[in-house]
Every structure is written in structure tokens, then in C-alpha cells.
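Written out below as C-alpha cells is the structure these notes cover.
The values are calculated or read from the model by the stated rules, or taken from the named source; none is laboratory data. Just so it is clear, the model here is predicted, and its values are computed rather than measured. Ideal geometry is used to build each Cβ from the backbone, glycine not excepted, and the neighbour counts take in all protein chains shown.
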């Protein structure tokens with residue numbers, strides 16, 4: 001592919017699962033660099049797989065226009081193409097060679113912990129990388145928030161509002177299972193926004209008797225109950241519910257099914273109808289909220305400025321409502337869990353919301 005020589009030549013890829021706001025970030029990075037540095041933007045197709053299979057295309061200013069409200073990603077993504085271990089082979093030397101062949105001055109990667117962890121390893125090969133944190137799970141280290149999270153919480157909250165009317169009408173216990181992997185951010189925030197009575201998150205294994213107690217109390221006073229359970233939640237002494245295993249994925253476990261398990265546990269102990277709903281990928285699809293559109297744009301602009309300043313090996317973060325950057329090493333291979341000091345968690349406790357563990361309510365208020 002013939003590429004025109006410019007002051008800067010920057011590759012751009014989106015990795016991992018799709019996420020609302022990806023196109024807003026692509027738009028911000030590309031347009032900022034085009035306008036401030038007269039840069040060439042090279043879109044890497046389907047995440048790191050595009051570097052492995054040598055599939056790229058130039059992105060024009062027009063390509064990045066009219067995409068702000070569009071879900072997904074215009075350059076595609078992939079959640080299994082780890083250059084260091086794809087289809088049983090280490091492709092990282094070839095990826096570095098292709099990076100050099102393209103004449104890239106930098107590579108901007110937009111992704112979650114898997115993508116940014118791979119990015120950190122690629123910096124060790126001499127690639128100039130800047131990362132942008134995205135994930136609906138909100139579980140990346142060093143940043144208070146990731147884009148996509150607000151949209152996911154809004155979708156789950158809307159679902160809870162709808163489930164409430166069914167619960168009220170039929171006097172049922174309604175369970176909603178959320179995504180989030182090993183962290184409970186989506187369940188916690190959506191549960192708070194949707195008025196859940198019980199919120200079960202991975203950080204605190206639940207005691208089924210305590211959940212029964214909470215449901216009985218709500219059924220007695222309001223004749224229905226709303227339970228939100230994160231996909232990574234598990235009972236005390238129990239195991240994660242694994243929906244499937246994908247051997248060639250950086251994270252081979254696909255969680256899911258805890259909602260139905262909880263339904264069966266409650267049906268054995270309660271004289272009430274129990275229904276379980278899992279939203280699945282609905283949580284990560286569709287148009288981003290206005291917050292995520294603006295947030296992803298701000299992150300993209302900041303990342304572009306890091307590239308222009310030749311500050312590589314870093315990821316953009318937001319802490320205390322201010323944008324800054326940290327080294328990719330600080331973000332790589334770590335998961336940010338919900339701490340007991342989290343203000344939303346403490347607010348939930350103060351409202352009497354149950355987390356399935358009586359010891360929490362006694363010690364953390």
C-alpha cells in the first residue's frame with residue numbers, strides 16, 4: 001500500500017469487545033491529529049488481527065464524520081487476536097516489522113485491559129503506543145471511569161424500570177443479570193439507578209439465606225422485589241458460573257448463567273414466583289449516551305495530544321474528574337474492583353440495599 005509522507009503517520013485500532021463510544025473516540029483522535037499535525041491516520045482493521053494479517057486502510061476526514069452517534073466501530077474489532085499467542089504462534093516480531101513497514105510514528109489503541117496489556121508488551125518491542133480506556137465493565141486500573149460504562153448502565157436501568165412493572169403486576173421476584181466480568185460496577189450503578197432491593201456483586205460472595213431474607217422483607221412490604229446480580233457473582237463457598245470457554249482468547253472464560261442459578265435457589269426457599277432475565281450483549285450495543293459521546297471525545301483528543309507531544313507508552317485516564325495519563329504498565333494485567341469505600345456502594349448500604357452479606361451492613365455503613 002502506497003502511503004503519502006506526512007509529518008505524522010499514526011495507526012489506530014479498536015480491540016476487545018465492541019463498546020458504545022468507540023466511533024466517537026476514533027473521530028476525536030483522527031480529526032485532532034489531522035487538523036493539528038496534518039497527520040495520516042491509518043485504520044487497522046479488526047483490532048490486532050489487522051496487524052497480524054496486514055489489513056489496514058487510510059482514514060480520511062470524511063470517513064470520521066457522521067459517526068459520533070453510531071454504535072460499534074467503523075474499523076472493526078477482535079477479542080482473540082493476541083499477537084503474542086494467536087493460533088498457537090507468536091506473531092509479535094511480524095507485527096513489529098509490519099508497523100515499521102507502514103512507517104508509523106505511533107499506534108493509538110482503544111480497548112480494555114486485554115488490549116492495553118497487549119499494548120504494553122508491544123512497547124517493549126519498540127512500538128510507540130498510546131492507549132485509550134474503553135469497556136462497559138469500568139474495571140480498568142488508574143481511571144475512575146471508562147467510556148461505554150454510562151451507556152451500559154443506562155440500558156440496564158431502563159430494563160429494570162420495565163421489569164419493575166411486571167414484578168408489581170404479578171407480585172414476583174424479578175432477577176436481572178448484568179455483564180461486568182469479575183467486577184460489580186454495572187450491577188452496582190444500575191441497581192442503584194433502577195431501585196433494586198438486592199445487588200449481588202463479585203466482590204462480596206452472597207449468602208443465599210440473606211438474599212431470601214431481603215426478598216421476603218420486600219415481598220411483605222411492597223409485594224414484589226428486584227434483584228440485580230452481576231455475572232461474576234457467586235455464593236459463599238461457591239464457584240463462578242461459566243457459560244463457555246474459548247481456548248484461544250486472552251480471557252478464556254465467558255461468564256453467564258448466575259441469574260438462573262439464583263432463580264432456582266430462591267424458588268426452593270420462597271413461596272413466590274421468581275423470574276430471571278439476562279440482557280447479555282444488549283448492554284454493549286447501540287448508540288452511546290451523550291455522556292459517553294463527550295467523554296470518548298475528550299479522551300480521544302487527549303490521546304491525540306500525547307501523540308503530538310511524542311509521549312508514548314502511556315494511557316489516558318480520568319481521576320477526580322481530570323484527564324491525565326499513566327504508563328501502560330500501571331494499567332496492564334490488573335482489574336479494578338468495587339472497593340468498600342466507594343461512595344455509591346456506601347450510599348446503597350445507607351438505603352438498606354442488601355448485598356447478600358449481613359456482615360457488610362454491620363461494618364461498612
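Descriptive notes on the structure:
- Under the condition of being exposed (fewer than 13 other Cβ atoms within 10 Å of the Cβ) and without any contact (Cβ under 8 Å) to a residue 40 or more places away in the chain, the residues counted in the range 298-320 number 1.
- Scan of the range 79-110 for residues that are in a strand (DSSP E or B) and touching a strand residue (DSSP E or B) at 6+ places or on another chain (Cβ under 6 Å), ordered by number: 106, 107, 108, 109, 110
- The set of residues in the range 37-78 that are out of contact with any helix residue (DSSP H, G or I) (no Cβ under 7 Å at 6 or more places or on another chain), in a loop (DSSP other than H, G, I, E, B) and either more than 21 Å from residue 300 (Cα to Cα) or not assigned by TED's automatic domain parsing to the domain that holds residue 119 (or both) contains only 55.
- Filter result for residue 174 (assigned by TED's automatic domain parsing to the domain that holds residue 352, buried (at least 22 other Cβ atoms within 10 Å of the Cβ), over 26 Å from residue 358 (Cβ atoms) and touching a residue at least 40 places away in the same chain (Cβ under 8 Å)): no
- Restricting attention to the range 16-36 and to residues that are at pLDDT 95 or above and not in a helix (DSSP H, G or I), the residue that is farthest from residue 284 (Cα to Cα) turns out to be 21.
- Set side by side, the residues 238, 259 differ, and just one is buried (at least 22 other Cβ atoms within 10 Å of the Cβ) and touching a residue at least 24 places away in the same chain (Cβ under 8 Å), which is 259.
- The listed residue being at pLDDT 90 or above and in the same structural domain as residue 273 (by TED's automatic domain parsing), out of 255, 240, 200: 200
Here's the yes/no breakdown for (1) in a helix (DSSP H, G or I); (2) modelled with pLDDT of 95 or more:
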{"position": "324", "(1), (2)": "no, yes"}
{"position": "329", "(1), (2)": "yes, yes"}
{"position": "337", "(1), (2)": "no, yes"}
{"position": "347", "(1), (2)": "yes, yes"}
{"position": "362", "(1), (2)": "yes, no"}
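- Some residue of the range 122-133 being farther than 22 Å from residue 282 by Cβ and in a helix (DSSP H, G or I): yes
- Subset tally (residues that are part of a helix (DSSP H, G or I) and more than 24 Å from the chain's Cα centre (by Cα)) for the range 164-189: 7
- In the condition set (1) modelled with pLDDT of 95 or more; (2) at negative phi; (3) touching a strand residue (DSSP E or B) at 6+ places or on another chain (Cβ under 7 Å), residue 6 is compliant with all but (1).
- Residue within the range 135-150 that is without any contact (Cβ under 8 Å) to a residue 12 or more places away in the chain and either in the same structural domain as residue 315 (by TED's automatic domain parsing) or crowded, with 20+ Cβ neighbours inside 10 Å (or both) present: no
- The set of residues in the range 115-131 being surrounded by 22 or more Cβ atoms within 10 Å (Cβ to Cβ) and either outside the structural domain of residue 324 (by TED's automatic domain parsing) or in contact (Cβ under 8 Å) with a residue 60 or more places away in the chain (or both) consists of 115, 116, 118, 119, 129, 130, 131.
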